[in-house]
Amino acid sequence: MKAVILAGGKGQRMGELGRDVPKPMLDIGGMPVLEHQVRLLVSYGFTDLTLVTGHLSPVIERHFGDGMEFGLHISYFVEKTPLGTTGALKELEQDLPEEFLVLYGDVMLDMDLQRFWRYHKFKNSACTLAVHPNSHPFDSDLVVMRRDGTVFDVLCKPHPPELYYRNLVNAGAYVLSRRMLSFFKLGVAQDFARDVLPQMCGQAPVYGYQTPEYLKDIGTPERLEQVRRDFESGHLARMNRRFPRRAVFLDRDGVINREAGLVTRSEDFELLPGAAEGIKKLNDAGYLAIVATNQPSVAKNLCSIEEVERTHMKMETLLGREGAVLDAVYFCPHHPEAGHPGENPMYKIPCNCRKPGTGMIEQANRDFNIDMSASFMVGDSDADLQCGKKSGLNPVYVRSSRPVSEKAGHECDSLLQAAEFITGAGA
Ligand SMILES: [Zn+2]
C-alpha cells in the first residue's frame, strides 16, 4: 500500500518554532510528528511512501533517508514552488498506483488506517475523506454528508447565521483513486478541500469516513501544545479504534431539549438550560456523547425523516455554538402498533432499534467499539433505563413529569447534573 505525505508546508503561523525546523519535524514526545506518521503507516502495512517536501527539505531527508531503517521505502518529491495541497499530487500522477492514502505532514493522528482503507474499497469510493465533529463548526469548512456516507457538498466558511448543519469537518486524511487526479490542475496552486473537493462532489463517488479517533493539526503553537499534552497523557493513543471507548448515550426529548408534546418540527426544538455545558463536560472527560432517540412521529406520519434530520442539524448547530460535540445521533423512526388512521405503514413495524430495544446501542458499538460496562445511558423514561440495563450500560435517570418504575443507579434533575456525576465518578 502506498501513501503520500504533504510535508512541504512553511509553518508561517508557528513563529520562531518553524524557522529552522519544518513544521512536520516538530517534536511530540521525543519524535517528530512526521516520524509518528511513518511508524503508524508501517504498523498498518504500508510499504511505500512519497514525502512531498519543500521548505527545509534536507532536514527531512537526513532524518528518514530511504526509509529502510523504518521498514518502508521512502522517495521524495521536492516542490520548487509550493502549489497548495494538490499541485504535487498532479505532478506525481504517473508514479502513483490505482489507490493511495494522502496525509498532511502537520496532522498528528492515531487511527486504524486499514479500516479506513477497507471502507473506501467497500463503498467503491473514488475519494474518501476522514471526517469528524469539532468544537468550533461555526468557523470551520463543513462537509455535507448523507447518512450513507456520500459527501455531496463542502460549505466553506463564513456561514450564514440561520444555517443549520451537521457538525462534520474534514480531518485531513484521504484515500484517493488516481483517476480523481483529473480534477487537479498542473502547475496551479489549489487547496484540495476548498477548490477541488466541491467539484468532485456530484461528479464522482465521494465518501466521508466518520471516526472519533485522534486527528489534530499542529498549525499553531497553541495546538502544538495541546497535541503534546494529549500525547503525554496517553489520551491520543487511547482514541485509536482498537481500544474500547467510554460513551454516554443520551435520550433526546426531555434530556437535551425541552419536551413540549412530540417535537415534530425543527422550529419547536429548543435546548434545555445546561444541556450544552453538560455535553461539553462529557467531551472534555473523553466520553463519546451519542444520542439515541425514539422518534415514532415518523411512523405516525406527524413528520418526515427529513424533518427529523433537520431537527438534528439544528441540535448539532446549537450545541456547536457552545463548543459541545455529539459524536453520533441515532434515531428510531418506527412504531409497533399498526392500524391507526393516517399512519405511515412503511415505519409501522416492530423493530429492535426502538428503545427499550437495544438496536441503536448495538449499532453504535459496531461504529465506535464501546466499553459498555464503563459507559452510561442518560434518560427520562423506563424505555431508556431498560435499554441501558439490557445493553450493560449504567443507567442514569433524569427526573421528568413521566413516572418511571425502573430503578436507576443514579437520579438527577438535568443533563448537566448527570454529566457532573458521570465525570466525577469516572475520574
Ligand atoms: Zn426502530
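The values are calculated or read from the model by the stated rules, or taken from the named source; none is laboratory data. Worth saying up front: this structure is predicted, and the values here are computed from it rather than measured. Every residue, glycine as well, gets a Cβ built from its backbone with ideal geometry; the counts of neighbours run over all protein chains shown.
For the stretch 50-101, enumerate the residues that are over 28 Å from the mean Cα position of the chain (by Cα), part of a helix (DSSP H, G or I) and among the hydrophobic types (A, V, I, L, M, F, W, C).
Residues satisfying the conditions are V59, I60, F64, L92.
Among what's in the stretch 180-206 and is charged (D, E, K, R) and in contact (Cβ under 8 Å) with a residue 60 or more places away in the chain, pick the residue that is farthest from D141 (Cα to Cα).
K185
Taking the condition over 26 Å from the mean Cα position of the chain (by Cα), more than 20 Å from D268 (Cβ to Cβ) and within 12 Å of the ligand (Cβ to nearest atom), does P345 pass?
no
Condition first: within 18 Å of the chain's Cα centre (by Cα) and modelled with pLDDT under 90. Now tell me which residues in the stretch 190-223 satisfy that.
Within the stretch 190-223, A193 is the sole residue that qualifies.
Being touching a strand residue (DSSP E or B) at 6+ places or on another chain (Cβ under 9 Å), over 18 Å from M111 (Cβ atoms), not in a helix (DSSP H, G or I) and not polar (S, T, N, Q) narrows it down to one of V188, V196, so name that one.
Within the list V188, V196, the selection yields V188.
Report, by residue number, each residue of the stretch 1-27 that is modelled with pLDDT under 90 and among the small types (G, A, S).
G8, G9, G11, G15, G18
Consider Q226 against the criteria (1) touching a residue at least 24 places away in the same chain (Cβ under 8 Å); (2) surrounded by fewer than 20 Cβ atoms within 10 Å (Cβ to Cβ); (3) assigned by TED's automatic domain parsing to the domain that holds P133: it satisfies all of them except one. Which criterion is unmet?
The single condition Q226 does not satisfy is (1).
Here is a list: F368, F331. Which entry is of a type in the set (F, W, Y), away from the ligand (no atom under 16 Å from the Cβ) and in the same structural domain as S400 (by TED's automatic domain parsing)? Before you say what the answer is, go through the steps one by one.
Values: F331 fails: away from the ligand (no atom under 16 Å from the Cβ).
Exactly one residue qualifies, and that residue is F368.
Within the stretch 288-302, count every residue that is away from the ligand (no atom under 13 Å from the Cβ) and surrounded by 20 or more Cβ atoms within 10 Å (Cβ to Cβ).
Number of matching residues: 4.
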